[in-house]
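Taking it in order: structure first as structure tokens, then the write-up.
The values are calculated or read from the model by the stated rules, or taken from the named source; none is laboratory data. The shown structure was predicted, so the numbers you read here are calculated from the model rather than taken from an experiment. All Cβ positions, even for glycine, are placed from backbone atoms using ideal geometry, and neighbour counts span all protein chains on display.
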Amino acid sequence: MRDAHTSESPVTVVGSSSLSFYNLAWRWHFYAGLLVIPFFIMLSVTGIIYLFKPQLDQLMYGDLLQVPVAEQRISADRQMAQVMQAYPKANVSKYLPPVNEQGSAQFVITTADATLNVFVNPYNGEILGAQDAEDNLQAIARKLHGELMIGTVGDRLVELAAGWGIVLVLSGLYLWWPRGTSKSAQFWPRLASRGRLFWRDVHAVVGFWGSLLLLFMLLTGMTWTGFWGAKFAGAWNHFPAAMWDDVPQSNKLAGSLNTSTNQTVPWATEVTPMPESDPHAAHNGMTHMHSNASTAQVGLQQVVDSAEARGVHPGFSVSLPVGERGVYSVSVFADDPRNDATLHIDQYSGKVLADIRWSDYGLVARTVETGVMLHEGKMFGLANQLLMLLVCLMILLSSVSGLVLWWKRRPQGRFGVPPIRHDLPIWRGGMVIMLVVACLFPLVGASLLLVAPLDWLFTRRRINAQLQIS
């Protein structure tokens, strides 16, 4: 954003007043922008790609997703048999039933070389084709968006950028705050202006109108991060386990079903321990053999029927058991979180060991799930997509205008913070807010502890050098 003054002539910063909070806010705003703008541009572009996943998938993979409607579908077990015949050495990990009458079924399999999404005609078992689960547009966009495609290090960098984005918004709002200048210019850019003044108005006004939406995007995105998000989830998501204390629980959490390229279970159930199947349970239902649990007695179709009988909405997936104590996990990560469902089913008896729904979520879990669906543009259909597209475009415009503004005002011959006016009071409330942000987001606080002394030393050296010259 911009400072409140409209003068085009920068004022040299000297003397003790340069240590005012306004100057500090200006420097932190610059440092935050320097760090987060490349991330914001990347997150906005990849976010737009993932935002329109339904439309792009139909456009790019329509021949895999759509099938002619026939009289009757074959069972999920027969569909899987067709997949295993086509990929005899593969390991099947997940089944996604058709979402409607025109939809194909999908299996996620692992071969020696890759993880594949295999699409099947549910009416005759024909293999329609396969897609690399990790090397397609949407998977790459999601992996870049979440971890820069470099795993844990990338996740921490994205989290750090998101935390500094909050610093950027708060310091920008302080710099934007009206201080005796034209009020209209604070809320609408002076389009007739040219050069640096025009870009300053664009940066400030877009930043102001988008600030709350950007904070919303940052905070809802932070809930999925590997450090802060995991701690936050661990603090609030303990509710479901108490519902089935009489069921043996494994050391594996439901969140293990999620990957960097695919979301299986909702955020609200990620830290819930998964129950275990009982190998000695009564063997009910048809006998079925599959690559993950060769002694399983419950067929895949029986699991699908059980989920449908319990009113689980279309769009759910079935994760197959792993090991002799593994369970079938039925999950729908619904566009409307009120339709979320997570079921764990004993692989031998078909007994539903856990059934977690929206009504079981606590207030925090409901708030987070709703925020995530709004963040991803899924809750209100196209209107939600267009709103989030507008937010992404505002972030891009604010980022680009910030870069242009810095380039036009950068110190001649060196890389540094543009000079500003300094005859403004200290904002003690702002210091408290920055301290709270540092405490709430440990990675931000740690980076502040690292950068603050360097900034102080740099500032003192610059002031001393200017005093010697004068």
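Summary of values
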{"read-out": "Residues located in region 141-171, provided they are surrounded by fewer than 16 Cβ atoms within 10 Å (Cβ to Cβ) and of a type outside the set (S, T, N, Q)", "value": "149, 150, 151, 153"}
{"read-out": "One residue from 155, 113 being of a type in the set (Asp, Glu) and closer than 30 Å to residue 436 by Cβ", "value": "155"}
{"read-out": "Residue 18 being at pLDDT below 65, part of a helix (DSSP H, G or I) and either farther than 17 Å from residue 207 by Cα or out of contact with any Phe, Trp or Tyr (no Cβ under 8 Å at 6 or more places or on another chain) (or both)", "value": "yes"}
{"read-out": "Leading residue by the ranking (surrounded by the most Cβ atoms within 10 Å (Cβ to Cβ)) among those in region 367-378 that are free of Cβ contacts under 8 Å to residues at least 60 places away in the same chain and under 20 Å from residue 46 (Cβ atoms)", "value": "373"}
{"read-out": "Flag if residue 221 is within 23 Å of the chain's Cα centre (by Cα), modelled with pLDDT of 85 or more and not β-branched (Val, Ile, Thr)", "value": "yes"}
{"read-out": "Some residue of region 48-57 being touching a residue at least 12 places away in the same chain (Cβ under 8 Å), of a type in the set (Phe, Trp, Tyr) and out of contact with any helix residue (DSSP H, G or I) (no Cβ under 7 Å at 6 or more places or on another chain)", "value": "no"}
{"read-out": "Out of 206, 265, 271, sole residue that is in a loop (DSSP other than H, G, I, E, B), at pLDDT 80 or above and either touching a His at 6+ places or on another chain (Cβ under 8 Å) or not assigned by TED's automatic domain parsing to the domain that holds residue 299 (or both)", "value": "271"}
{"read-out": "Which listed residue, of 116, 128, 137, is surrounded by fewer than 19 Cβ atoms within 10 Å (Cβ to Cβ), among the aliphatic types (A, V, I, L, M) and at pLDDT 95 or above", "value": "128"}
{"read-out": "Extreme residue, nearest to residue 337 (Cα to Cα), among residues of region 355-365 that are in a helix (DSSP H, G or I) and in contact (Cβ under 8 Å) with a residue 40 or more places away in the chain", "value": "365"}
{"read-out": "Whichever residue in region 304-323 is in contact with a helix residue (DSSP H, G or I) (Cβ under 8 Å, 6 or more places away or on another chain) and at pLDDT 95 or above and, among such residues, is farthest from residue 256 (Cα to Cα)", "value": "304"}
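This table checks each residue for (1) touching a strand residue (DSSP E or B) at 6+ places or on another chain (Cβ under 9 Å); (2) assigned to a helix (DSSP H, G or I); (3) hydroxyl-bearing (Ser, Thr, Tyr).
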residue	(1), (2), (3)
94	yes, no, no
100	no, no, no
123	no, no, yes
142	no, yes, no
165	no, yes, no
169	no, yes, no
